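Each remark here refers to the structure printed beneath this line.
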Amino acid sequence: MDRLVINGGKRLEGTVSVSGSKNAALPIAIAAAILADGASVIHNVPNLRDVETLCGVLETLGATAKYKNATLHIKPINRMAYEAPYDLVRKMRASVYVLGPLVARLGKAKVAFPGGCSIGPRPIDLHLKGLECLGARITVEGGYITAEADRLIGAKMNLKGRYGPSVGATANVMMAAALAEGATTIRNAAREPHIVDLANFLNALGAEIQGVGTPVLKIHGVKQLRGTEYTVIPDDIETGTFMVASAITNGDVFVQNALRDHLGAVSDKLLEAGVQLDWEENGVRVTTPRQLAAIDVNTEAFPGFPTDMQAQIIGLLSVTPGISTVTETIHTDRFMHVSELNRMGANIDIEGNRAIIRGVDKLSGAPVMASDLRAGAVLVLAGMVAKGETVVARVYHIDRGYESIETKLANVGADIVRL
């Protein structure tokens, strides 16, 4: 099994390029494969394990998905296949996104309960509620969700959950509603950059979605969607991770393809901590001209601070003087990386859904284990600033969301290799 070996203490300098957004590419590929009547070409798709898994899911459903040089060529389903089996779906939570498009296109969908990262409970009740509002009949049995409908009908619904708008439910319902009869209104719709990108892609296919990027989406169902050519946005979480990588190593890194509008809350907190950000048309230069200062962070739905950057900011604050707090309001159990950081010498306590971080002078290299995608990322960041050697196991978690992370970091000065 692969592992990353990092010798810390190297200052990062140079330019690192951000790949396409995983969270946008996956539902876009699903929409292209299931909803459209013609072939689509999708550019800037990252070379990730999740993309490989998704191609397997789509081909099981009868589509053709070929990936080469960051471009995904998709021919939509050409036979009646409505079941997404457990052995594929268990590997990736985004597989549940096929539920809405399948029932919209074929009138029936059978999808295993999804897998993915172990970061606490992430129920899909709002996915099912939204599809039921459109007229789907939902049954759950034997670990599978079955949705059936003679015809989906537009409806009004609210997709706000206990911790804010549901990103997954917004994507699922929006795709289904694109082919539903009549108009659908989604209130408290998610506004994350990848949801906006999915909506823009659906409109490129011929959908009629209004209010993109706002909390209220209005979708006028159409009878048919066509294939198209489209370029996926850069990955905002990979961007934020590289920004923190420069800050934690006291580096001077230009993060190419960074989009300022997608990173407002992350940028604000880095600036508050003392990081300098110099934005240009095609990216941002990240430096630390002065000693960093403790800050308090609350994760929130977009445009708030993203939960997917929580681990990385904790890593930075673990070597920042003073006492910082990070409160997790989205996935309240998402702190499994803390015990591994403490093994490296960090001083972090967990009280409920809050991490209390007392900055230390240094971290020490150690063998550590990634428990999920972003936990793996912060262990890499910690390893780059730690004294001595850090070995990160379970790298397959990292490979789900970061394309060739060791190569990109090595190109800007990190001493990191994959074994």
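Quick rundown of the values:
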| read-out | value |
| --- | --- |
| Checking Ala265 against (1) over 30 Å from Ala346 (Cβ atoms); (2) surrounded by fewer than 21 Cβ atoms within 10 Å (Cβ to Cβ); (3) among the hydrophobic types (A, V, I, L, M, F, W, C), the condition it does not meet | (1) |
| Every residue from the range 315-358 that is part of a helix (DSSP H, G or I), touching a helix residue (DSSP H, G or I) at 6+ places or on another chain (Cβ under 9 Å) and open to solvent by 50 Å² or more (accessible area, probe 1.4 Å) | Met336 |
| Residue list for the range 92-123, filter: surrounded by fewer than 19 Cβ atoms within 10 Å (Cβ to Cβ), modelled with pLDDT of 70 or more and closer than 28 Å to Thr332 by Cα | Phe113 |
| Candidates Val266, Val297, Val286, filtered to the one that is assigned to a strand (DSSP E or B) and touching a Gly at 6+ places or on another chain (Cβ under 8 Å) | Val286 |
| The listed residue being of a type in the set (D, E, K, R), modelled with pLDDT of 95 or more and out of contact with any His (no Cβ under 8 Å at 6 or more places or on another chain), out of Asp333, Asp399, Asp349 | Asp349 |
| Within the range 228-248, considering residues that are open to solvent by less than 10 Å² (accessible area, probe 1.4 Å) and among the hydroxyl-bearing types (Ser, Thr, Tyr), the one nearest to His262 (Cα to Cα) | Thr239 |
| Selection from the range 389-419 of residues that are exposed (fewer than 15 other Cβ atoms within 10 Å of the Cβ) and either touching a Lys or Arg at 6+ places or on another chain (Cβ under 6 Å) or over 16 Å from Ser246 (Cβ atoms) (or both) | Tyr396, Thr407, Val417, Leu419 |
| Verdict on Val253 being over 17 Å from the mean Cα position of the chain (by Cα) and open to solvent by less than 10 Å² (accessible area, probe 1.4 Å) | yes |
| Residue list for the range 27-74, filter: in a strand (DSSP E or B) and farther than 19 Å from Gly100 by Cα | Ser40, Val41, Ile42, His43, Thr64, Ala65, Lys66, Tyr67, Lys68, Thr71, Leu72, His73 |
| Within the range 139-168, considering residues that are closer than 20 Å to Ala32 by Cβ and among the hydrophobic types (A, V, I, L, M, F, W, C), the one least open to solvent (accessible area, probe 1.4 Å) | Leu152 |
| Candidate set: the range 206-223, residues that are of a type in the set (A, V, I, L, M, F, W, C) and open to solvent by 40 Å² or more (accessible area, probe 1.4 Å); chosen: the one farthest from Lys129 (Cα to Cα) | Val212 |
| Residue count, the range 194-205 (criterion: open to solvent by less than 20 Å² (accessible area, probe 1.4 Å) and not charged (D, E, K, R)) | 6 |
| Any hit, the range 273-289, residues being of a type in the set (S, T, N, Q), free of Cβ contacts under 8 Å to residues at least 24 places away in the same chain, in contact with a strand residue (DSSP E or B) (Cβ under 7 Å, 6 or more places away or on another chain) and open to solvent by 10 Å² or more (accessible area, probe 1.4 Å) | yes |
| Odd one out for Glu13, checked against (1) open to solvent by less than 10 Å² (accessible area, probe 1.4 Å); (2) modelled with pLDDT of 95 or more | (1) |
| Residues of the range 15-74 that turn out to be charged (D, E, K, R), under 21 Å from Asn203 (Cα atoms) and under 17 Å from the mean Cα position of the chain (by Cα), as a count | 1 |
| Pair list, Cβ < 7 Å and 6+ apart or interchain, from the range 57-71 residues that are under 14 Å from Asn47 (Cβ atoms) and basic (Lys, Arg) to residues that are open to solvent by 50 Å² or more (accessible area, probe 1.4 Å) and outside any loop (DSSP other than H, G, I, E, B) | Lys66/His73 |
| Residue within the range 370-387 that is under 19 Å from the mean Cα position of the chain (by Cα), assigned to a helix (DSSP H, G or I) and over 17 Å from Ile237 (Cβ atoms) present | no |
| Residue that is nearest to the chain's Cα centre (by Cα) [pool: residues in the range 169-193 that are under 19 Å from Leu35 (Cβ atoms) and surrounded by fewer than 22 Cβ atoms within 10 Å (Cβ to Cβ)] | Ala183 |
| Failed criterion for Met309 (all others in (1) within 25 Å of Ile186 (Cα to Cα); (2) modelled with pLDDT of 95 or more hold) | (1) |
| Given (1) touching a Gly at 6+ places or on another chain (Cβ under 6 Å); (2) hydroxyl-bearing (Ser, Thr, Tyr); (3) without any contact (Cβ under 8 Å) to a residue 24 or more places away in the chain, index of the condition Ser339 fails | (1) |
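Results for (1) modelled with pLDDT under 90; (2) open to solvent by less than 80 Å² (accessible area, probe 1.4 Å), shown as yes or no for each residue.
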{"residue": "Cys55", "(1), (2)": "no, yes"}
{"residue": "Tyr67", "(1), (2)": "no, yes"}
{"residue": "Thr71", "(1), (2)": "no, yes"}
{"residue": "Arg79", "(1), (2)": "yes, no"}
{"residue": "Pro85", "(1), (2)": "yes, yes"}
{"residue": "Arg90", "(1), (2)": "yes, no"}
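The values are calculated or read from the model by the stated rules, or taken from the named source; none is laboratory data. The shown structure was predicted, so the numbers you read here are calculated from the model rather than taken from an experiment. So basically every Cβ, Gly included, is an ideal-geometry build from the backbone, and we count neighbours across all protein chains shown. In case anyone asks, the SASA skips ligands and DNA or RNA and just uses the protein heavy atoms, side chains included. Shrake-Rupley method; radii C 1.70, N 1.55, O 1.52, S 1.80 Å.
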